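Participant: Sharing a structure here in structure tokens format.
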Amino acid sequence: MNTISKQRLAKQADKLAFPNDLRLKDKVRQVKTEDGVVYEFVGSDSFGTEWNERRRYEVDAGRDMEPILYTPIYSEIRDASLPRNVPVYRIGPGGVVFEEVLEGGEVKFSSVSSSDFTVAIKHYGAGLEYSKDLMVFNELWQVPIVERQAGIAYNALMNHIHFSPILDATYAAANQTAANTAGDSTVEDYMLTIEDAITNSRTDTSNPRRGPYALLVSSAQELTVEKALTREVQQGLALQSRVIDSIQTVIAYDGWTGTRGLLETTYSGVTSGTGYLINLGYRDQDFQSYIKQDLLQDGTQDDITRFLMQVVWDTYFGAYANPTAAVEEITWPT
């Protein structure tokens, strides 16, 4: 079993240092255009290319600070040729089964059923603005701070888009497990509750969910869940079921809050006291992530070689989830 969370995966990379004698106004010139003022790199050296390589480094360093957490759940498709609306196809109810072909017999074909759903590939973007003060006061120390925030905000959006269908779904009784407090300790109560959730998932006649599983939790329950799933002999833990070996990954997700100017954006995480047992047995059809374009600086190649007062980063992606068929909502013991 593997446990992942922002706190466990986040990395802090060193900021790339600017030369002590660098004067940015000596490297760029102000140009007035119909759309406003831009600053272009000047000179025959490689400063413009190095600036953009440094900017890409800082954005990627920001992404390392807000790690992607949903990949154990989703089947990911990366394809630049994805259409605006991606049809979600499913293998027929029998799936694919290899059968013996006797002499004179025939091979039975599995078919891809017609699409019942479509996933919209949406366009997301963010702008980075380099103020005139950057040139006037040579405030280079501010640059990587803002650039890293672009990477942080992008990964936060990716996590939100992929987790929100699970967190925002309304679950009926067939997809809910109540807290079990029959144990002799809180850790044992958690273990028994997880066992109940797995049993309920496997015995659901409408949507049997037989595993393996991922467990999505709040960081408030992360350590207790981890103890309940630990195979070691624990003092005060009277019994421990082998059924918990079906859980491959525990994901702790608390959401994210970011601010642009006076506007605050919040992505909700897992509510404390609640967890989600997610069946991965049919991951290819229940959880699909479509990435048409990863985070890129927008503009033509000529634009990228210029120092613009405003730089746009954008991405195209979409996600499909089927919580009713794959998720058991859990209420943790108190």
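Participant: For the structure I just gave you, tell me whether Ala153 is modelled with pLDDT of 70 or more, surrounded by 18 or more Cβ atoms within 10 Å (Cβ to Cβ) and over 28 Å from Ala197 (Cα atoms).
Facilitator: Working: modelled with pLDDT of 70 or more: yes; surrounded by 18 or more Cβ atoms within 10 Å (Cβ to Cβ): yes; over 28 Å from Ala197 (Cα atoms): yes.
So Ala153 fits the description; yes.
Participant: Moving to a separate point now. Here is a list: Val243, Val250. Which entry is touching an Asp or Glu at 6+ places or on another chain (Cβ under 8 Å) and in a strand (DSSP E or B)? Break it down stepwise before answering.
Facilitator: Numbers: Val243 fails: in a strand (DSSP E or B).
Step by step, each of Val243, Val250 is checked, and only Val250 is touching an Asp or Glu at 6+ places or on another chain (Cβ under 8 Å) and in a strand (DSSP E or B).
Participant: While we're here: Out of all the residues in the range 167-219, which are under 14 Å from Ile244 (Cβ atoms), in contact (Cβ under 8 Å) with a residue 60 or more places away in the chain, in a helix (DSSP H, G or I) and among the hydrophobic types (A, V, I, L, M, F, W, C)?
Facilitator: Passing the criteria: Ile194, Ala197, Ile198.
Participant: I'd like the residue in the range 39-79 that is under 30 Å from Asp286 (Cα atoms) and in contact with a strand residue (DSSP E or B) (Cβ under 6 Å, 6 or more places away or on another chain) and, out of all such residues, is surrounded by the most Cβ atoms within 10 Å (Cβ to Cβ).
Facilitator: Restricting to residues being under 30 Å from Asp286 (Cα atoms) and in contact with a strand residue (DSSP E or B) (Cβ under 6 Å, 6 or more places away or on another chain), the top hit is Ile73.
Participant: Here is a follow-up. Val86 is checked against (1) assigned to a strand (DSSP E or B); (2) at pLDDT 90 or above and fails just one. What number does that condition carry?
Facilitator: Only one criterion in (1) assigned to a strand (DSSP E or B); (2) at pLDDT 90 or above is unmet by Val86, namely (2).
Participant: Does Asp314 meet the test of being part of a strand (DSSP E or B), under 14 Å from the mean Cα position of the chain (by Cα), of a type in the set (D, E, K, R) and at pLDDT below 90?
Facilitator: Values: part of a strand (DSSP E or B): yes; under 14 Å from the mean Cα position of the chain (by Cα): no; of a type in the set (D, E, K, R): yes; at pLDDT below 90: yes.
So Asp314 fails the test.
Participant: Follow-up. Kindly check whether there is at least one residue in the range 286-296 that is in a loop (DSSP other than H, G, I, E, B), modelled with pLDDT under 90 and not hydrophobic (A, V, I, L, M, F, W, C).
Facilitator: So far as the range 286-296 goes, no, none of its residues is in a loop (DSSP other than H, G, I, E, B), modelled with pLDDT under 90 and not hydrophobic (A, V, I, L, M, F, W, C).
Listed here are the residues, each with its yes/no results for (1) among the basic types (Lys, Arg); (2) modelled with pLDDT under 65; (3) over 17 Å from Leu295 (Cβ atoms); (4) in contact with a Ser or Thr (Cβ under 7 Å, 6 or more places away or on another chain).
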position: Lys32; (1), (2), (3), (4): yes, no, yes, no
position: Gly48; (1), (2), (3), (4): no, no, yes, yes
position: Arg90; (1), (2), (3), (4): yes, yes, yes, yes
position: Gly127; (1), (2), (3), (4): no, no, no, no
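Yes or no, residue by residue, for (1) at pLDDT 90 or above; (2) in contact with a strand residue (DSSP E or B) (Cβ under 8 Å, 6 or more places away or on another chain); (3) of a type in the set (Ser, Thr, Tyr); (4) farther than 13 Å from Trp332 by Cβ:
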residue	(1), (2), (3), (4)
Ala179	yes, yes, no, no
Gly183	yes, no, no, no
Ser206	yes, no, yes, yes
Arg210	yes, yes, no, yes
Leu215	yes, yes, no, no
Glu232	no, no, no, yes
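Participant: With respect to Glu195, is the statement that it is crowded, with 19+ Cβ neighbours inside 10 Å and closer than 30 Å to Trp51 by Cα true?
Facilitator: Numbers: crowded, with 19+ Cβ neighbours inside 10 Å: yes; closer than 30 Å to Trp51 by Cα: no.
So Glu195 fails the test.
Participant: Follow-up question, since we're still on this one. When Gln7 is evaluated against the numbered criteria (1) modelled with pLDDT of 85 or more; (2) farther than 30 Å from Tyr213 by Cα, which criterion, by number, is the only one it fails?
Facilitator: The single condition Gln7 does not satisfy is (2).
Participant: Say we look at the range 161-176 and pick out the residues that are surrounded by fewer than 18 Cβ atoms within 10 Å (Cβ to Cβ) and of a type in the set (S, T, N, Q); which of these is farthest from Tyr320 (Cα to Cα)?
Facilitator: Gln176
Participant: Could you check how many residues of the range 243-275 are within 16 Å of the chain's Cα centre (by Cα), surrounded by 15 or more Cβ atoms within 10 Å (Cβ to Cβ) and of a type in the set (Ser, Thr, Tyr)?
Facilitator: Within the range 243-275, residues that are within 16 Å of the chain's Cα centre (by Cα), surrounded by 15 or more Cβ atoms within 10 Å (Cβ to Cβ) and of a type in the set (Ser, Thr, Tyr) number 4.
The values are calculated or read from the model by the stated rules, or taken from the named source; none is laboratory data. In this text, all values refer to a predicted model and were calculated from it rather than measured experimentally. Methodologically, a virtual Cβ is constructed for each residue, glycine included, from the backbone with ideal geometry; neighbour enumeration extends over all protein chains shown.
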